[in-house]
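Data first, discussion second: the structure below is written as structure tokens.
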Amino acid sequence: MQQTFIILIVSTALIASVVLFLFLLTSTISSSTEVTATIFQGQDYNSKINDNTKDTKLITLHKTNVVPEVKDYHDILSIDINKVNDNKMLFTIELAGDANKNENYETVYVWLVYYYTTTAVAANTASTVENEFHLYTIIIPNFGAGSNFGNKEEGWYLAIFNNTNNSYTLPLSRISDMPTNKVQVFIDPIFIGYPSSTFNYIVSSMIRVNNTFLDKPPDYLIDYVPDNYNSFWKQWFR
């Protein structure tokens, strides 16, 4: 596996943090009635979540002397998931600028998709119901022109990691350029466990500036949806 943002997910506690994730997520939701009502209830394949404009900020996740310039394509305007033909799912992040113009650094867009499935379990003559938690990370990195991250060619990549089972359902793969002002990928539901129409998700944009030390979290968190997830993302990459 190439040295990329993917290494971060394999080599840190991220892959073993389902319990921590649940604790942090539950705490965040319980502290915000508005988020619980508008995002995490009755969500389906045709739901769009809008974000504030010009709310980007360099939030340090790893100390570095390099301070990148925040660009318009780091600013998330909305996120959206739609079911399209042949059962594919279209994951869309609308941005304030064209992310194809990324230069010098690695810009990463991350979706965390999570949901429960219910299974009936027979025990002797009785039966019980078990809820199983599922968590997937959809990683969409862009290596900008002049970024020089190992032997990675500039351009877009996609990987999907099953945090619940600690395995990749889709290894890091090269993909085509994005539409103007969007980060948009088609995903077969098989890669995220065939969720029902009531799964949940959160999104963030980040920057890695250090191309010599990749076995760590990204250097900066820039934007995230919902807006009150600052503490969550900091904890997630701790």
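Short-range pairs are left out: with C-alpha atoms under 8 Å and at least six residues apart, the relative contact order of the range 59-104 is 37 percent.
Computed from the C-beta positions of Thr53 and Ile190, the FRET efficiency with R₀ = 30 Å rounds to 0.30.
For the pair Phe133 and Ser78 in one chain, pulling the backbone fully straight at 0.36 nm per residue adds 17.2 nm over the alpha carbon distance. If you take the Cα centroid of the range 205-238 and the Cα centroid of the range 45-85, the two points sit 11 Å apart. Taking a point 7 Å out from the Cα of Thr64 in the direction of its Cβ, the residues of the range 208-238 whose backbone N falls within less than 11 Å of it are 208-221. The phi torsions of the range 167-172, fed into the Karplus equation with coefficients 6.51, -1.76 and 1.60 and a -60° offset, translate into couplings of 7, 8, 8, 9, x, 3 Hz, rounded to whole numbers, with Gly and Pro shown as x. Sparse packing (at most 11 other Cβ atoms within 10 Å of the Cβ) combined with a DSSP loop state is found for the following GluC sites (Glu not before Pro) in the range 129-238: Glu153.
Read the figures in this text as sums done on the coordinates, not as results from a lab. Quick caveat, the model's predicted, so the values are computed rather than measured. Note: ideal-geometry Cβ built from the backbone for every residue, glycine included; neighbour counts use all protein chains shown.
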